[in-house]
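Novice: One structure, as C-alpha cells, below. Some questions next.
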Amino acid sequence: MARTKTATAEVQMTLDELKEEILRDYELCVTSREASLIGRREVLGGKAKFGIFGDGKELAQVCMAKQFRNGDWRSGYYRDMTFMFAIGELTVQQWFAQLYAHADVNADPSSAGRSMNGHFATRSLDENGEWKDLMAQPNSSADISPTAGQMPRLLGLAQASKMFRNNPALHGYTQFSDKGNEVAFGTIGDASTSEGPFWETMNAAGVLQVPMAMSVWDDGWGISVSKAYQTTKGSISQALAGFQKEEGTNGIRIYKTKGLELRRP
C-alpha cells in the first residue's frame, strides 16, 4: 500500500544544502560509531550493564530515517540507536543514561532505566496522562527482550494504519492517523529471522497487504554463529523468495542492497 500523493511532495535541494546534509549524516554516523565503541568499553570494564550496540548499521539506519515521517511507527530491535538519533528522538546523553540504567525519566525517556539496554521508545502520553498528537511526532513502540518479539507488534501497527485508511468512520481521529497514511517500519537482525514470529508476521503481511517496511540488518552473524549455520541458503532474501509479490498476486516486495559499513580510518 503506497502513501497518498499529498504526503510525497518532492523537496528540491541546492548543491550547498545537499553538501550540508551529507556532512550532517557523516557526523551522525561517526558520533554513533564512537558511542558504540565507548559503550562497549564501559560494559567490558564493568561500569555499565549488559549492552548491545549499533556499530556497522549506521549508514543503513540514517537512510531509513530519511523515509520516516511524523506519524509513522517503528517496531525494532536493540541495534537501532543511529536511527533513533537520526529521527531526533534520542540524544547521545540519553543513550548513555539508559546504558547506566538511570532511573529518571528525564534522563532516560524510553523507560527510566527499567528496560534492558537498547529498548528504544517514544512517549504517546503527556505528563498528565493525556494522548499526544501522534501525527506531530515520530513514533517508536517500546522494544521487547525476546528476539523477534517486535514482529507481531509491527504487523499490528501496519494493520491499524490500513484500518484507518479503509474505515471513513475513523478519519476524525486525526491525532492518531492521517486517514491511514502511515507506514510501520520494522528492523531485525539476521539471527532473529530464524524465529517463528518473523515468518508468521511476514506471511501475514503478504496476505493482508499492509503498509509495512521491514529491514533486516544483515551482518552475516547471529551473536557468534555464521548465518550459514542458521539461515537456509545463507540468505534471508533467498529464503523469502516464495513470498515475492508478482503481478496479480499478493505478497511482499524484496530488495537487497549493500549497507556499506562505516569504517574508522
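The values are calculated or read from the model by the stated rules, or taken from the named source; none is laboratory data. This one's a predicted model, so the numbers in the text were calculated from it and none came from an experiment. Glycine also receives a Cβ, built like all others from the backbone with ideal geometry; neighbour counts cover every protein chain displayed.
Novice: If I ask for residues that are at pLDDT 85 or above, under 26 Å from ALA65 (Cβ atoms) and either in contact with a Gly (Cβ under 8 Å, 6 or more places away or on another chain) or not in a loop (DSSP other than H, G, I, E, B) (or both), which ones from the stretch 209-242 would you list?
Specialist: Once the filter is applied, which keeps residues that are at pLDDT 85 or above, under 26 Å from ALA65 (Cβ atoms) and either in contact with a Gly (Cβ under 8 Å, 6 or more places away or on another chain) or not in a loop (DSSP other than H, G, I, E, B) (or both), the stretch 209-242 yields PRO211, MET212, ALA213, MET214, SER215, VAL216, TRP217, LYS227, ILE236, SER237.
Novice: Report yes if some residue within the stretch 134-146 is without any contact (Cβ under 8 Å) to a residue 60 or more places away in the chain, surrounded by 14 or more Cβ atoms within 10 Å (Cβ to Cβ) and of a type in the set (Gly, Ala, Ser); otherwise report no.
Specialist: yes
Novice: If you don't mind, another one. Considering only the stretch 157-172, how many residues are of a type in the set (Ser, Thr, Tyr) and surrounded by fewer than 13 Cβ atoms within 10 Å (Cβ to Cβ)?
Specialist: 0
Novice: Of all residues in the stretch 243-265 being in a loop (DSSP other than H, G, I, E, B) and touching a strand residue (DSSP E or B) at 6+ places or on another chain (Cβ under 9 Å), which is modelled with the lowest pLDDT?
Specialist: Here the answer is GLY259.
Novice: Do you know which of the residues in the stretch 51-98 that are among the β-branched types (Val, Ile, Thr), within 13 Å of the chain's Cα centre (by Cα) and assigned to a helix (DSSP H, G or I) is surrounded by the fewest Cβ atoms within 10 Å (Cβ to Cβ)?
Specialist: Applying the filter and picking the extreme gives VAL62.
Novice: Now a separate question. Tell me, please, whether a residue that is more than 14 Å from the chain's Cα centre (by Cα), modelled with pLDDT of 95 or more, more than 20 Å from LYS57 (Cα to Cα) and among the hydrophobic types (A, V, I, L, M, F, W, C) can be found in the stretch 135-145.
Specialist: Scanning the stretch 135-145 turns up at least one residue that is more than 14 Å from the chain's Cα centre (by Cα), modelled with pLDDT of 95 or more, more than 20 Å from LYS57 (Cα to Cα) and among the hydrophobic types (A, V, I, L, M, F, W, C).
Novice: Could you list all residues from the stretch 29-50 that are on the phi > 0 side of the Ramachandran plot and buried (at least 17 other Cβ atoms within 10 Å of the Cβ)?
Specialist: none
Novice: Give all pairs with beta carbons closer than 9 Å in which a residue from the stretch 243-255 that is farther than 18 Å from GLY186 by Cβ meets a residue that is among the polar types (S, T, N, Q); count only pairs at least 6 apart in sequence or on separate chains.
Specialist: Between residues of the stretch 243-255 that are farther than 18 Å from GLY186 by Cβ and residues that are among the polar types (S, T, N, Q), the close pairs are ASN250/GLN209.
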